[in-house]
Amino acid sequence: MTQKKYHHGDLRAAALETGTELLKSRDADDLGLRELAREVGVSATALYRHFPDKDALLTALAYQAAEALGEFQKQAGLRAGGGNAGFAAMGIAYVDFAVENPALFRLMFRKAANIDVLSGDIESVGSAIRGLRETVAGLTPATLGDDKRKASALRAWSLVHGLACLILDGQIEYDRELIRSVVVSRSVLSS
């Protein structure tokens with residue numbers, strides 16, 4: 001990556017953009033604040049004003065990645081027309097995001113906030129989980145009840161997260177048609 005000179009007013013955003021770019025070719029543990037400062041074209045001191053340590057940087061990168069995942073899934077669902085087809089497309093997009101961004105995907109779960117994502121306040125969870133919960137609620141009968149909706153959301157999430165991890169860990173090949181077949185053929189919204 002060639003060194004860029006920082007000339008605009010949002011160093012934090014520039015650092016997160018560059019950090020995300022660097023994580024396309026390495027693991028998060030191999031990313032350092034000093035290297036990132038060099039890549040952005042600022043002193044390490046300037047960067048430390050926004051990220052007091054590596055953990056703060058990684059947490060910010062994880063949050064940004066989770067929001068990007070949520071938007072990626074949302075757009076996939078919209079392109080598919082919503083409903084069950086949109087929900088399946090969101091699941092496939094989850095796996096696609098993991099395959100395209102393995103270091104960011106793993107970082108998201110390593111740095112995830114310690115909250116109950118399936119029962120906690122919907123505003124306190126990231127956009128990906130919020131989308132999952134809202135879509136499951138919209139696709140299941142209102143009479144289903146919270147426990148069964150939670151189980152449906154967990155079943156859907158477990159399916160795509162498991163597929164993503166199996167691919168990233170080299171246990172299965174990434175075959176998008178096979179992933180689509182698995183996601184579409186399994187009714188994760190059944191009670």
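Numbers at a glance
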quantity	calculated
Rounded, prolate or oblate (a/c below 1.5 giving rounded, otherwise prolate when a/b exceeds b/c) for the stretch 11-52 by Cα gyration tensor	prolate
Lys, Arg +1 and Asp, Glu -1 on Cβ, resulting dipole of the chain about Cα centre, debye, nearest 20	180
Relative contact order of the chain, pairs being alpha-carbon contacts under 8 Å that are 6 or more residues apart, as %	20
Ordering of 84-94, 16-26 by burial proxy (mean other Cβ atoms within 10 Å per residue, highest first)	84-94, 16-26
Prolate/oblate/rounded label for the chain (Cα gyration tensor, a/c 1.5)	prolate
Mean Cα-pair separation over length for the stretch 11-52, i.e. relative contact order, pairs under 8 Å, 6 or more apart, %	44
The stretch 110-181, relative contact order in percent, only Cα pairs under 8 angstrom and at least six apart counted	23
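The numbers here are math on the coordinates, done by the rules we state, and not lab data. What you see is a predicted model; the values in this text were computed from it and never measured. Neighbour counts are summed over all protein chains in view; Cβ atoms, including those assigned to glycine, are modelled from backbone coordinates with ideal geometry.
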